[in-house]
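Everything below concerns the one structure shown next.
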Amino acid sequence: GAGVSQSPSNKVTEKGKDVELRCDPISGHTALYWYRQSLGQGLEFLIYFQGNSAPDKSGLPSDRFSAERTGGSVSTLTIQRTQQEDSAVYLCASSGGQVRRSTDTQYFGPGTRLTVL
Amino acid sequence: DQQVKQNSPSLSVQEGRISILNCDYTNSMFDYFLWYKKYPAEGPTFLISISSIKDKNEDGRFTVFLNKSAKHLSLHIVPSQPGDSAVYFCAAIYRDDKIIFGKGTRLHILP
């Protein structure tokens, strides 16, 4: 595809259920990021995949959150036993490499709006 | 502890005038800074960036200024246009390329 895609676009779930959010990055992009934006907050870093390196998981808020990236392409963010405070827009982004190079800007998907009732 | 701060949640500017969005940071290790623009229901899009070795970068109507001693950067939009109404995020790169974002400033361009 032409850009980063995410699915589903909206997800409503009940407290305690598990959810999986999917990200399809731009083909060939080696770096993939997950962020979340809660109401009135900025973009909170969650996890960063770069090539074959071990992911930087330092932003994951609790052990209920996990993410994987299969085959260096598609990524899934899983939230187990969802809580109401998990409600947010979850954004995925990809880039061709280190974003400090002007040719490797970071491209964001449209996000998944998660609502935990 | 917020490392990238955008202290103005919103800003209103008349069409044709200059919009100035401000951003402060606390971590002197940041060596690259970016601005992103976000429309409702869309992901952020990259706007302009600046390396810490520079103090100014210009791209059309957009100019970013960096004052390292003050740990401050600003985005200038001249002249402001209706399509500039959006949320603007300031971001900084930590040495391991983990990007840290501010909370954003909502810019309203008034007719």
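The values are calculated or read from the model by the stated rules, or taken from the named source; none is laboratory data. These numbers come from a predicted model, not from an experiment. Every residue, glycine as well, gets a Cβ built from its backbone with ideal geometry; the counts of neighbours run over all protein chains shown. Areas reflect the complete protein model, heavy atoms only, side chains present, ligands, DNA and RNA absent. Shrake-Rupley method; radii C 1.70, N 1.55, O 1.52, S 1.80 Å.
Here are some notes:
- On inspection, A:I79 qualifies as surrounded by 20 or more Cβ atoms within 10 Å (Cβ to Cβ), away from chain B (no Cβ under 11 Å) and over 24 Å from B:S51 (Cα atoms).
- Qualifying residue in the range A:13-20 (condition: open to solvent by 60 Å² or more (accessible area, probe 1.4 Å) and either within 25 Å of B:Y88 (Cα to Cα) or among the hydroxyl-bearing types (S, T, Y) (or both)): no
- Yes/no for A:S7 being over 12 Å from the mean Cα position of the chain (by Cα), surrounded by fewer than 21 Cβ atoms within 10 Å (Cβ to Cβ) and more than 20 Å from B:A92 (Cβ to Cβ): no
- Selected residue (only one of A:L43, A:L39 is closer than 23 Å to B:L34 by Cα, open to solvent by 80 Å² or more (accessible area, probe 1.4 Å) and hydrophobic (A, V, I, L, M, F, W, C)): A:L39
- Here A:D24 meets the list (1) acidic (D, E); (2) touching a Phe, Trp or Tyr at 6+ places or on another chain (Cβ under 8 Å); (3) within 17 Å of B:G43 (Cβ to Cβ) almost entirely, failing just condition (2).
- Residue count for the range B:24-44 satisfying the condition of being among the aromatic types (F, W, Y) and within 7 Å of chain A (Cβ to nearest Cβ): 1.
- Screening A:L21, A:L114, A:L91 for residues that are in a strand (DSSP E or B) and closer than 23 Å to B:Y32 by Cα leaves exactly one candidate, A:L91.
- Considering residues of the range B:72-93 that are away from chain A (no Cβ under 14 Å) and assigned to a strand (DSSP E or B) only, the residue surrounded by the fewest Cβ atoms within 10 Å (Cβ to Cβ): B:H72
- Filtered residues of the range A:62-76 (kept if more than 22 Å from B:Q3 (Cβ to Cβ) and either part of a strand (DSSP E or B) or within 14 Å of another protein chain (Cβ to nearest Cβ) (or both)): A:S66, A:A67, A:E68, A:R69, A:S75, A:T76
- There is no residue in the range B:49-56 that is under 16 Å from B:G104 (Cβ atoms), within 10 Å of chain A (Cβ to nearest Cβ), surrounded by fewer than 16 Cβ atoms within 10 Å (Cβ to Cβ) and modelled with pLDDT under 95.
- You will find that of A:T78, A:T82, A:T30, the residue that is hydroxyl-bearing (S, T, Y), closer than 25 Å to B:K103 by Cβ and in contact (Cβ under 8 Å) with a residue 60 or more places away in the chain is A:T82 and no other.
- Taking the range A:26-61 as the range and being assigned to a loop (DSSP other than H, G, I, E, B), within 12 Å of chain B (Cβ to nearest Cβ) and in contact with a helix residue (DSSP H, G or I) (Cβ under 9 Å, 6 or more places away or on another chain) as the test, the residues that pass are A:T30, A:S38, A:G51.
- B:F33 falls short of the stated requirement of being assigned to a strand (DSSP E or B), out of contact with any Gly (no Cβ under 9 Å at 6 or more places or on another chain) and open to solvent by 30 Å² or more (accessible area, probe 1.4 Å).
Residue-wise test of (1) within 15 Å of the chain's Cα centre (by Cα); (2) modelled with pLDDT of 95 or more; (3) in a loop (DSSP other than H, G, I, E, B); (4) within 11 Å of chain A (Cβ to nearest Cβ).
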| site | (1), (2), (3), (4) |
| --- | --- |
| B:F46 | yes, no, no, yes |
| B:A70 | no, yes, yes, no |
| B:I100 | yes, no, no, yes |
| B:I109 | no, yes, no, no |
